[in-house]
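Participant: Got a structure for you, written out below as C-alpha cells; questions coming shortly.
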Amino acid sequence: MDYVLLQQLAARHASALDSGADNGNAFAGLFTPNGEFVHPDAKGPHQLAALARGGKEGPMFVSHFAMNHVIEPSPEGAAGTRYVIEIDIDDNGQPARGAGNAPARGNGGQRATPADQWALVGRRGGAPISIGRYEDVYLKTPDGWRFKTRRSFGSMSGPQ
C-alpha cells in the first residue's frame, strides 16, 4: 500500500504545480513542513506555494508529464526517481498550430477533436521547456507520505 500511496503523491505533484490550486497550497501540502524543491529552489510552505502560483496556471493548464516512477526503501523512509518533461502547450484558446504556424487541419482550424487527432501528427504543437528527472526523498508523516526533498535534474549526455 505504501507504493500505491507514493505513486499517488508523485502523480499529484504535476497537477498541483500546473494548476496552482488553492493558491499554491495544494502543491505545498505535498511536502513536509520543512520540505524542499530543488531547482528551482523553494523551501517551506510559503516558498513552495509561491512556486506553484508562479507562471501559467489554472485548472485546464497541463505542462508537466512524468513517467517511469521507481520507488525504493531508504533509511529515511523511501526514495524515488521519475523522468519528467515539461512542455509549453498552452495556446491560450487559440487554434492548434501546424507546421509554419498555420492552423492545424481538421475541425475548421479549431483545436483538433479526438476524431482528427491524426491530423496533428508531426506538427508543432508545443515546445519542450525542460527534460530530465526528479530524485525524491519521501517521509511518512502522520498525514501520510510527503516529499522531504524533490530535486530536478536536466537531461544531459555523459562521456562518449
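Participant: Quick check: is even one residue across segment 10-19 over 18 Å from Ser152 (Cα atoms), exposed (fewer than 13 other Cβ atoms within 10 Å of the Cβ) and not β-branched (Val, Ile, Thr)? Outline the logic, then answer.
Facilitator: Taking segment 10-19 as the starting set, the residues that turn out to be over 18 Å from Ser152 (Cα atoms) are 19.
Retained after the next criterion (residues that are exposed (fewer than 13 other Cβ atoms within 10 Å of the Cβ)): none.
Checked against the condition, which is being over 18 Å from Ser152 (Cα atoms), exposed (fewer than 13 other Cβ atoms within 10 Å of the Cβ) and not β-branched (Val, Ile, Thr), segment 10-19 yields no hits at all.
Participant: Which numbered condition in (1) open to solvent by 60 Å² or more (accessible area, probe 1.4 Å); (2) more than 17 Å from Lys148 (Cβ to Cβ); (3) touching a residue at least 40 places away in the same chain (Cβ under 8 Å) is the only one that His64 fails?
Facilitator: Checking His64 against (1) open to solvent by 60 Å² or more (accessible area, probe 1.4 Å); (2) more than 17 Å from Lys148 (Cβ to Cβ); (3) touching a residue at least 40 places away in the same chain (Cβ under 8 Å), the one that fails is (1).
Participant: Pairs under 9 Å by beta carbon, first residue among the small types (Gly, Ala, Ser) and at pLDDT below 95 in segment 143-156, partner open to solvent by 70 Å² or more (accessible area, probe 1.4 Å) and part of a strand (DSSP E or B), six or more apart or different chains?
Facilitator: Here the result reads Ser152/Arg133; Gly154/Ile131; Gly154/Arg133; Ser155/Tyr83; Ser155/Ile131; Ser155/Arg133, each pair linking segment 143-156 to a residue that is open to solvent by 70 Å² or more (accessible area, probe 1.4 Å) and part of a strand (DSSP E or B).
Participant: Out of segment 30-44, which residues are surrounded by 15 or more Cβ atoms within 10 Å (Cβ to Cβ) and in contact (Cβ under 8 Å) with a residue 24 or more places away in the chain?
Facilitator: Leu30, Phe31, Thr32, Gly35, Glu36, Phe37
The values are calculated or read from the model by the stated rules, or taken from the named source; none is laboratory data. In this text, all values refer to a predicted model and were calculated from it rather than measured experimentally. We place every Cβ from the backbone using ideal geometry, glycine too, and count neighbours over all the protein chains shown. Surface areas here come from the heavy atoms of the whole protein model, side chains and all, with no ligands, DNA or RNA. Shrake-Rupley method; radii C 1.70, N 1.55, O 1.52, S 1.80 Å.
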